[in-house]
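I have placed the structure first, in the form of structure tokens, so that the comments after it can refer back to it.
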Amino acid sequence: MTTLDQLFETAKSARERAYAPYSDFKVGAAILTKGGKVIAGCNVENAAYPEGVCAEGGAISAMILAGETEIAEVVVVGDAALCTPCGGCRQKLKEFADGTVKVHVADLFGIRRTFSVAELLPAGFELK
Ligand code: THU
């Protein structure tokens, strides 16, 4: 199995764990860190809707807890034509990924499109 296959399978499994009773739209994400770790996340919704956390955000939190801060590659899995990260998650990814990092967007059967972080978030905010 290639690393990309492994990332896809990890994101797909994470998606099964999603808590999405309000949208009924489950998402899984897998991050490969530059340190070689594969870290998963899933969306976790809340009755107060804006408090929900996206799969990518959850994976980033888990990555930080695992002691990693540099993203090498990302796979997002959702049962949609194109489950691209939301605007907020694009900015969150940018914090830990350079513009060339690939974000693969997959449905349940495989990767459908690949974007760079810079493509997803041109002119993203930087404090310094
Ligand atoms: N969602 C994600 O977790 N990641 C994405 O890339 C797109 C959307 C979640 C947020 C919400 O829980 C549900 O999908 C429907 O928008």
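Where a number appears in this text, it was derived from the coordinates with a stated rule and is not lab data. Since the model is a prediction, treat every value here as computed from it, not as a measurement. Don't worry about glycine lacking a Cβ; one is built from the backbone with ideal geometry, like all the others, and counts go over all protein chains shown.
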Here the Cα Rg-to-2.2 N^0.38 Å ratio for the chain is 0.97
Charge tally for neighbours of residue 71 with beta carbon under 11 Å away, counting Lys, Arg as +1 and Asp, Glu as -1, is -1
Charge dipole of the chain built from unit charges on the beta carbon (Lys, Arg +1; Asp, Glu -1), centred at mean Cα; most positive-end Cα among 7, 20, 120 is 120
If each part is reduced to its alpha-carbon centroid, the range 20-46 and the range 50-121 end up apart, in Å, by 9 Å
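First measure r as the distance between the Cβ atoms of residue 82 and residue 128, then evaluate 1/(1 + (r/R0)^6) with R0 = 41 Å and state the FRET efficiency to the nearest 0.05. Provide the component values of the computation, followed by the final result.
Details: r = 33 Å, r/R0 = 0.80.
Computed FRET efficiency for residue 82 and residue 128 comes out at 0.80.
Given the range 37-128, what percent of its DSSP beta bridges are antiparallel, to the nearest 5? The partial results should precede the final answer.
Numbers: 7 of 12 bridges.
Of those bridges, close to 60 percent are antiparallel.
Treating the beta-carbon of each Lys and Arg as +1 and of each Asp and Glu as -1, no other charges, what is the dipole magnitude of the chain about its Cα centre, to the nearest 20 debye? Write out the running numbers ahead of the final one.
Details: 13 positive and 16 negative charges, 24 e Å.
It comes to approximately 120 debye.
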Checking the range 1-85 for chymotrypsin sites (Phe, Trp or Tyr not before Pro) in a loop per DSSP with at most 15 other beta-carbon atoms within 10 Å yields 22, 25
Rounded to the nearest 500, the 222 nm mean residue ellipticity computed for the chain from DSSP H runs (n ≥ 4, each -39500 (n - 2.57)) alone is -9000 deg cm²/dmol
